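Novice: Starting off with a structure, shown below.
The values are calculated or read from the model by the stated rules, or taken from the named source; none is laboratory data. Treat the numbers as computed from the prediction; the structure is a model and nothing was measured. For neighbour counting, all protein chains shown are included, and Cβ atoms are generated from backbone atoms with ideal geometry for every residue, glycine included. Areas reflect the complete protein model, heavy atoms only, side chains present, ligands, DNA and RNA absent. Shrake-Rupley method; radii C 1.70, N 1.55, O 1.52, S 1.80 Å.
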Amino acid sequence: MATQRIADILKNGQPDESVTIQGWVRTKRELKNFAFMEVNDGSSMASLQVVLNPQLPNYNDLLKKINTGASVEVTGVLVASQGKGQRIEVQANHLKVYGESDPETYPLQKKRHSFEFLRTIGHLRSRTNTLGAVFRVRNAASNAIHQFFQKKGFLWIHTPLITASDCEGAGELFTVTSLDLKQIPRLDSEEIDFEQDFFGRQAYLTVSGQLEAEVMAMSFKNVYTFGPTFRAENSNTSRHLAEFWMVEPEIAFCDLQGDMDLAEEFLKYIFQYVLENCAEDMEFFNQRIDNTVLATADNIINNDFERITYTEAIALLEKADRKFEFPVEWGADLQSEHERYLAEELFKKPVIVRDYPKGIKAFYMRLNDDDKTVAAMDVLAPKIGEIIGGSQREERLDILEKRIQETEMSPEDLWWYLDLRRYGTVPHAGFGLGFERLVQFMTGMGNIRDVIPFPRTPLSAEF
Ligand code: ATP
Ligand code: MN
């Protein structure tokens with residue numbers, strides 16, 4: 001049977017139209033001569049109000065079954081709503097209850113639940129207003145990302161999740177093994193003998209698809225990945241997950257300037273798209289979660305991002321009239337408090353910091369002529385800190401080899417990456433956007449665990 005989406009009915013439904021909807025009961029109100037029921041099918045924040053009259057067959061029996069959380073199908077006729085709060089409602093002619101929901105034990109009641117509590121019921125929390133809105137925004141932002149790149153002719157490529165290279169060199173890798181953990185084969189040196197493992201060598205879950213994206217950019221010019229990445233970083237923060245989604249464009253014949261321009265245009269596009277396609281949800285976030293969300297979106301779309309060098313950033317931080325927990329010193333990485341100071345307090349908008357000291361950045365970033373900094377750029381967002389990390393890549397073979405040595409990466413493992421500099425090398429650049437950080441930034445959600453359906457964090461992999 002053809003059923004309608006509640007979002008479409010609320011938007012376009014006209015009196016006297018017949019409709020059939022399917023969804024879950026949010027609330028039920030029994031009055032003397034009839035009852036109201038709110039049904040939600042996830043298509044919008046708002047539920048559809050259903051009026052139930054005693055003429056319905058088995059009316060009293062049905063009323064007992066439609067508690068919060070029950071699944072139902074309703075066929076009826078649309079009427080202009082008398083009550084305030086909705087334009088249109090359904091007079092039910094037919095009500096089918098698929099699955100009941102015991103009001104004594106169903107954990108979602110019509111009150112505000114804390115996000116901590118909702119995380120303990122990860123299998124039900126997507127039925128709440130807030131999480132529902134988050135996952136609709138997440139969907140719209142995903143769609144916007146593909147649209148943005150596809151319109152520009154970027155090829156969507158799929159990079160492996162299992163890999164033998166530690167792209168970032170940060171040692172935050174999960175090992176993938178099929179070795180019998182009760183009988184781990186060891187070498188004389190007591191080290192694990194990974195030659196006996198599935199891949200004949202130690203393999204990991206990827207921390208980034210960048211190196212493989214560079215391969216593909218050397219034949220398709222402009223490519224992007226959009227997929228999961230994994231980091232075994234034991235940082236229990238509101239901005240780190242062990243499994244998160246990353247968007248990584250890689251652009252051939254492009255320098256850092258082009259990279260920064262793309263990152264800015266990209267963020268503006270996604271914000272614009274989400275504002276247009278999730279207006280009701282964004283309004284909700286502004287009202288209930290963070291009242292700066294809409295102003296921030298407007299700010300992103302309509303203003304140029306600030307652009308400064310790392311050296312300028314350090315000078316600004318040194319002049320700041322406040323104490324930081326971590327020292328500010330040329331050569332040290334910017335901490336989250338520094339990043340937030342710059343974006344949130346000083347400039348009050350996204351800031352792109354570029355040309356970081358080579359000592360704190362990955363081996364593949366292009367060495368600048370000063371021999372001290374690399375052509376790296378981070379986009380720092382108010383409240384979030386780093387949201388995008390990118391760079392121009394080192395395309396010169398001799399310098400790349402030297403950097404690999406300096407950073408103690410293994411040139412043997414990277415032979416194919418070095419080959420790209422041997423055969424038809426070109427200047428190229430790219431960046432990585434942490435997708436959950438973007439969703440956090442858009443929605444104002446304070447904890448990254450609440451913007452992904454099933455968060456993976458240290459000591460937590462339920463659901
Ligand atoms: P941070 O310093 O915040 O840990 P990073 O320097 O490790 O970030 P990159 O290696 O540049 O980050 O990764 C690219 C992007 O991926 C970051 O800009 C950020 O948006 C996102 N990101 C990095 N680590 C995580 C994580 N553990 N969970 C969610 N997103 C992350
Ligand atoms: Mn990190």
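Novice: What percentage of the solvent-accessible surface of the chain, computed with a 1.4 Å probe over protein heavy atoms, is contributed by carbon and sulfur atoms?
Specialist: Values: 11040 of 22460 Å².
Carbon plus sulfur share of accessible area: 49 percent.
Novice: Which values, in whole Å and largest first, are the semi-axes of the equivalent ellipsoid of region 130-215 obtained as the square root of 5 times each eigenvalue of the Cα gyration tensor? Mind dumping the intermediate values first?
Specialist: On the way: eigenvalues 278, 61, 21 Å².
The three semi-axes for region 130-215 are 37, 17, 10 Å.
Novice: Where the centroid of each part is defined by its Cα atoms, how far is region 130-150 from region 291-334 in Å?
Specialist: Cα centroid of region 130-150 versus Cα centroid of region 291-334: 27 Å apart.
Novice: For region 1-159, with every protein chain kept in place, what is the accessible area per residue (1.4 Å probe, Å²)? The partial results should precede the final answer.
Specialist: Working: 8460 Å² over 159 residues.
The answer is 53 Å² per residue.
Novice: Semi-axes of region 87-183's equivalent ellipsoid from the Cα gyration tensor, sqrt of 5 times each eigenvalue, largest first, rounded to whole Å? Write out the running numbers ahead of the final one.
Specialist: On the way: eigenvalues 325, 139, 45 Å².
So the equivalent ellipsoid measures 40, 26, 15 Å along its semi-axes.
Novice: In addition: Which lysines, on any chain, are close to LYS402 with Cα under 19 Å apart, when same-chain ones fewer than 8 places away are left out?
Specialist: Excluding near neighbours in sequence, the set is LYS358, LYS361, LYS372.
Novice: Can I ask one more? Hand me the GluC sites (Glu not before Pro) from region 360-463 located in a DSSP loop with no more than 13 other Cβ atoms within 10 Å, in residue order please.
Specialist: Values: sites: GLU386, GLU394, GLU395, GLU401, GLU406, GLU408, GLU412, GLU436, GLU462; in loops: GLU394, GLU395, GLU408, GLU412, GLU462.
Passing both the DSSP loop test and the Cβ count: GLU408, GLU412, GLU462.
Novice: Can you give me the long-range amide H partners of ILE88? Hydrogens built in the peptide plane at 1.01 Å from N, cutoff under 5 Å, separation of 5 or more residues or another chain.
Specialist: SER81
Novice: What value, in deg cm²/dmol to 500, does the helix sum -39500 (n - 2.57) over DSSP H runs of n ≥ 4 give at 222 nm once divided by the residues of the chain? Working shown, then result.
Specialist: On the way: 13 runs with 138 residues, N = 463.
Value at 222 nm, helices only, nearest 500: -9000 deg cm²/dmol.
Novice: Output wanted: per-residue J couplings in Hz (rounded whole) for region 173-186, from phi through Karplus 6.51 cos²θ - 1.76 cosθ + 1.60, θ = phi - 60°, x for Gly and Pro.
Specialist: Once θ is set to phi - 60°, the couplings for region 173-186 become 9, 8, 7, 9, 9, 10, 5, 6, 5, 7, 9, 6, x, 10 Hz.
Novice: If the limit is 27 Å between Cα atoms, which of LYS11/LYS84; LYS111/LYS268; LYS65/LYS110; LYS84/LYS268; LYS319/LYS349 go over it?
Specialist: Working: LYS11/LYS84 16 Å; LYS111/LYS268 35 Å; LYS65/LYS110 17 Å; LYS84/LYS268 36 Å; LYS319/LYS349 19 Å.
Violating the 27 Å limit, Cα to Cα: LYS111/LYS268; LYS84/LYS268.
Novice: Place +1 on the Cβ of every Lys and Arg and -1 on the Cβ of every Asp and Glu in the chain, take the dipole about the Cα centre, and give the residue among GLN4, LEU438, TYR423 whose Cα lies farthest towards its positive end.
Specialist: Checking the options against the dipole of the chain, the answer is GLN4.
Novice: Ok, one more. Mind checking Rg over Rh on region 243-340, alpha carbons, Kirkwood formula for Rh? Numbers along the way, then the final one.
Specialist: Working: Rg = 17.2 Å, Rh = 16.6 Å.
Value, to two decimals: 1.04.
Novice: Under 25 °C and 0.890 mPa s, how fast does region 197-290 diffuse according to Stokes-Einstein, given a Kirkwood radius computed over C-alpha pairs? Answer in µm²/s, whole number.
Specialist: Working: Rh = 16.5 Å.
Estimated diffusion coefficient is 149 µm²/s.
Novice: So what's the Cα pair-distance distribution over the chain, bin width 10 Å, in %?
Specialist: Values per bin, smallest distances first: 4, 17, 24, 22, 15, 10, 6, 2, 0.
Novice: Can you tell me the accessible area per residue over region 220-259, all protein chains present, probe 1.4 angstrom, in square angstrom? Working shown, then result.
Specialist: Working: 1530 Å² over 40 residues.
For region 220-259, the per-residue accessible area is 38 Å².
Novice: Restricting everything to alpha-carbon atoms, can you work out Rg to Rh for region 331-463 with a Kirkwood hydrodynamic radius?
Specialist: Values: Rg = 17.6 Å, Rh = 16.8 Å.
My calculation puts Rg/Rh at 1.05.
Novice: Here is a further query. Check the straight Cα-Cα distances from LYS348 and name the aspartates and glutamates below 13 Å, setting aside those fewer than 8 residues away within the same chain.
Specialist: In chain and number order, the partners are ASP298, ASP304, GLU306, GLU339.
Novice: Could you give the distance between the Cα centres of region 414-442 and region 19-50, to the whole Å?
Specialist: Value for the Cα centre distance between the two parts: 48 Å.
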